[in-house]
1. Which net charge results when you count Lys and Arg as +1 and Asp and Glu as -1 among the other residues whose beta-carbon is under 10 Å from that of A:VAL141?
2. Mind checking how much accessible area B and A bury in total, 1.4 Å probe, in Å² rounded to 100?
3. Please compute the modelled spin-label separation between B:PHE192 and A:ARG366, points set 7 Å along Cα→Cβ, answer in nm with one decimal.
4. So, by mean Cβ neighbours within 10 angstrom, what's the order for B:211-223, B:92-104 with the highest one leading?
5. Which order do the peptides A:284-297, B:156-169, B:304-317, A:113-126 take when ranked by the mean count of other beta-carbon atoms within 10 Å per residue, highest first?
6. Does the stretch A:270-476 classify as rounded, prolate or oblate by the C-alpha gyration tensor (a ≥ b ≥ c root eigenvalues; a/c under 1.5 gives rounded; else a/b over b/c gives prolate, otherwise oblate)?
7. Which of the lysines could a cross-linker bridge to B:LYS23, judged by Cα under 20 Å and excluding same-chain residues fewer than eight apart?
8. Might you tell me the accessible area per residue for the stretch B:50-101, computed with a 1.4 Å probe and given in Å²?
Amino acid sequence: MPKCTINGKQIEVAEGTTVIEAFMKLEQNIAHYCWHPGLSVAGVCRMCMVKVEGNPKLQIACNTKVTEGMVASNEDAKVKEAVEWILGFHLINHPLDCPICDQAGECGLQEYYMTYGKYDPAMAEKKVKKKKVVDLGPTVVLDSERCILCDRCVRFTSEVTKTNELSIFNRGDHAEVGVYQERPLNNNYSYNVVDICPVGALTSKDFRFKQRVWYLKDFNTICNGCSTGCNVKAYYNENGFYRIKPVYNKEVNGHWMCDTGRDMYKFVNLEKRQTSAVKNVNGTSEEYSPIQATREIGVLLRKNVNEAAAVLTGQYTSEEYASFFATMKDFGIKDFYHWVNNPEKMEEFDGLLLRGDRNPNTAGLRAEAKKANINLRNAKDLDPKKHTLIIVAGPEVQAFYPDLQKSVDAWSKSQTLVWLSSCKNPVLFAAHWIVPMKSFVEKNGTFVNYKGIEQKIKKGTTIVGEALSLDEFAIAIKGERVDVEYTSPLGGLA
Amino acid sequence: MEVKLLTEHYDKDEFQGISGYKKLGGYEVLKKALKMKPEEIVAEVKAAGLRGRGGAGFPTGMKWTFLPNNGQPRYLLCNADEGEPCTFKDRMMMERAPHQMIEGMIISAYGIQSKKSYVYIRGEYTYAARVLENAIKEAYQAGYLGENILGSGFTHHLDVYRGAGAYICGEETGMISSLEGKKGQPKLKPPFPAVSGYLEKPTIVNNVETLAAVKYIIRDGAAAYKKHGTEKSPGTKLFSLSGDIRKPGNYEVPLGYPLKDLINNEGGGLKQGRSLKAVIPGGTSAPVLTAEEAMKATMDYECLAQMGTMLGSGAITVIDDSRCMVDLLGVILHFYHHESCGQCTPCREGTGWIDKVLNSIIHGRGRQQDVDLLDQVAKNMMGRTICALADAAALPTISFVNKFRDEFEYYIREGRSKVKGSSYAEMHH
């Protein structure tokens, strides 16, 4: 365990720790582009220069291991001058097109320019011309002129996904990132290269030109795309959600997330949402306020207690399940079913993060059922003719449930089918009641992932003001008063 | 005076084939070496003070002792990717005396206990590669290569690998990448090749001339070898003499030989009516010497280091007063710009930047501040990259600009070269 001094601060680190890692541990600023904690060391951007006492040459912190008694600093005037020049080298052939660049506002070049920047371009000669708007595949676009050849994306595809779609072609200042002929960047982790690109070279087809990043707010939550439960940051403003990015969690997802999870914001925005409760009778639909609808469902439930059943999906929080089970038991409901997506694919795993169980809280559902002494039966065994009333806590991400239509049609043979859903879907009109539910970004709670790790999801904003959570539904169905808390998309309580 | 140690039989055509080579004492040293203990070979090379002849001048014996004793297979790579502009000694050695190098390699491989070696040869050296391939075949047939060499129990295999023309593959880790089938780009150090090189196994990379010299150290003993040259730079060295000189060519002289004598005696002096302007003493990446400095220089590692330049690969480029230093630097930097592998930002961007500024000056578009800019850009590339290519571009730039500043300023001010009749200047005006 060598001890070292970084910018005058002492720290003891594990054997084999690099100087840049020691800087990070001490939360000392150190400029870097090519180094990434989730990838191997490339040592090419040369930004992380440090002065190591006893060594006349400046060293790169990323490829220098801490040794006992080492004294390293990047506050030295010599280091600052070196970094300033190296940043200058990065910028001489950069197009400086920030006003039209999607990365503006979260760009590494901009960030260090503010710290080290020289305020006049030093090169009078013409810049190197490279390819613009290169289509790398279904998800990512490349602008080679903006690229600083840090090699992060190439290392990502070779070390993490091991798909090796990307490479650096040509050499010297003509070098460009690219894909091999007819082998596009097309893997389920491709958006990570956009995240790790420190500049505006790789941009996301899904996000580019949709919104300036400084108009977005964000909060940390848990991805609801599968039972891994990747830690993510969700970005939104008053017009809705725009993107999801991974947040480092050593125990769960490391630095990455899959492209499937990136889509999860799409199911929470207003255009996809069920905004009010609907009663479908004899081919006509009638709109209700969700609370009012729930109360009427409560009245029906009381009349059908012995023949009623509840179907649950692993897409709600543990707190919601607890409250829902308690209420249903109060009513005297005995039949509970567990509905999963593709039962035969539940145990699948892609080797990185994505799991076949596309529900964020299957483990939580099972745990809460056990606590409440409830035997969850397989939804395949549900006979609608035996039940006069069925309440389905439906999936938020309906796309993961290939048997959605089949199930709605089958279960609507019951006298009353109540469907709780955050998303609208014409398929659901076979149900007799539809009650709008909150999405995962609109509520607090706990998801338990496949490994049993409990993770909190956080309410970021409100998109559908009247939508209920499952626990609010459980209160309203008893006829009790529910205070639906509304958070303005602009932040704070409205 | 030339001392023909390595080049003794280079004027005889028969020295190329195995029968002629054997007639002239070939493979006798190998027999002697195989009777020695491997560690005795290493000790002898160390005692001889042999320094790498490829450019960096690192002590060969010391390099060999960096190999870890961890039971992993070891590789010996012969660096025959002679790419430093104006260097052509390895080519001659391989074309004239392939067995000399092969014998040196087998002895060295025995010393470091390597069972497999490669000659990484510059792609353009097609003739040398053919000669080498043929010589290796002959050596296998004669039992000097393969299993159980001469009944000694030592096994060694040798193959030739041809490069594809990139200068950077002459850098030892760039060569290793290329040999591994990857893009020829230098690797981060540490780890050094002696610890983790080819296929992440302990690897020694030595120049053609270095390996050939090993044969003579074992033949004559370290003490005899050290009689040549100076105390700190022992032995002989092949110098590739070129430029504005009457008798360009390769000359073997003891280290410490005066540069003046090399130019005037071996090189036959300058052309009629010309005076010396400058000399590049160690390949184009070595800082240039003014005529005055060149007259005082001796060709050994210490003297040249003291003068702020280096022995490098031993390529001496003589520049007379008919040459424009701006044009010359333009040619040199165009080369390094073209050859930068592009990994490290300071080199990738810096070589291109200097090349463009020089191009602007040569085309009459130079700005007054460009002279200082060239110096600054070069200084900020130095020592900031994975390999020495950035230094190789920066060193000539800094020395040319500072030692011949008047020519740069004149070119910028007047829009043309200070030297009348300079080829570039005439091409553009």
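1. That works out to 0.
2. 2700
3. Between A:ARG366 and B:PHE192, the simple spin-label model gives 5.6 nm.
4. Highest mean packing first, the order is B:92-104, B:211-223.
5. Going from most to least packed, we get B:304-317, B:156-169, A:284-297, A:113-126.
6. rounded
7. B:LYS4, B:LYS12, B:LYS31, B:LYS32, B:LYS137, B:LYS215
8. Normalised by residue count, the accessible surface of the stretch B:50-101 is 35 Å².
The values are calculated or read from the model by the stated rules, or taken from the named source; none is laboratory data. Note that the coordinates shown come from a computational prediction; the quantities given were computed from them, not determined experimentally. Positions of Cβ are generated from backbone atoms using ideal geometry, with glycine treated the same way; all protein chains shown enter the neighbour counts. Keep in mind that these areas ignore ligands, DNA and RNA; they rest on the heavy atoms of the full protein, side chains included. Shrake-Rupley method; radii C 1.70, N 1.55, O 1.52, S 1.80 Å.
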